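The structure appears right after this line, and notes come after that.
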Amino acid sequence: MNIQAMMKQAQALQKDMMKVKDEVDKSEFIGESSLVKVTVKGTKEVVKVEIDSSADLGADDMELLQDMIMIAVNDANKKVDQVMEQKMGKFGNIPGLF
């Protein structure tokens, strides 16, 4: 295989990878805990936080609510990572790529 063919193949692979990354970046992922639902983009940008309005929260419950938000955000971010790993896995392990 000559160098030009290898370069063309690498460019096609890079284009496919960028397409997949763009697809994941535009997707939304929902992370949940018992009182909170958080929606993040594939870029891990939080776009929505929903708190269960039926929960009767007093001042003492603020720490619990903060923990629930943290859990929901982390859950959503894990989902982003799982989808990215799943979709990018077909390209093999290229260290430092994303």
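The values are calculated or read from the model by the stated rules, or taken from the named source; none is laboratory data. These figures come from a predicted structure and were not determined experimentally. All Cβ positions, glycine included, derive from the backbone under ideal geometry; neighbour counts span all protein chains shown.
The residues in the range 82-92 that are exposed (fewer than 13 other Cβ atoms within 10 Å of the Cβ) and closer than 14 Å to Lys21 by Cα can be counted, and the count is 5. Annotation note: Cβ proximity below 6 Å between a residue of the range 15-34 that is under 14 Å from Lys87 (Cα atoms) and a residue that is among the polar types (S, T, N, Q) (sequence gap 6+ or interchain) occurs for Asp25/Thr43. Taking Ala55, is it in contact (Cβ under 8 Å) with a residue 12 or more places away in the chain and farther than 27 Å from Asp81 by Cβ? So Ala55 fits the description; yes. Within the group Lys44, Lys19, Lys37, Lys48, which residue is part of a helix (DSSP H, G or I) and not polar (S, T, N, Q)? Selected residue: Lys19, the only one of Lys44, Lys19, Lys37, Lys48 that is part of a helix (DSSP H, G or I) and not polar (S, T, N, Q).
Quick check: anything in the range 54-73 at pLDDT below 85, exposed (fewer than 12 other Cβ atoms within 10 Å of the Cβ) and among the hydrophobic types (A, V, I, L, M, F, W, C)? The answer is yes; a qualifying residue exists. Count of the range 11-37 residues, restricted to those that are of a type outside the set (Gly, Ala, Ser) and closer than 30 Å to Glu63 by Cβ, is 7.
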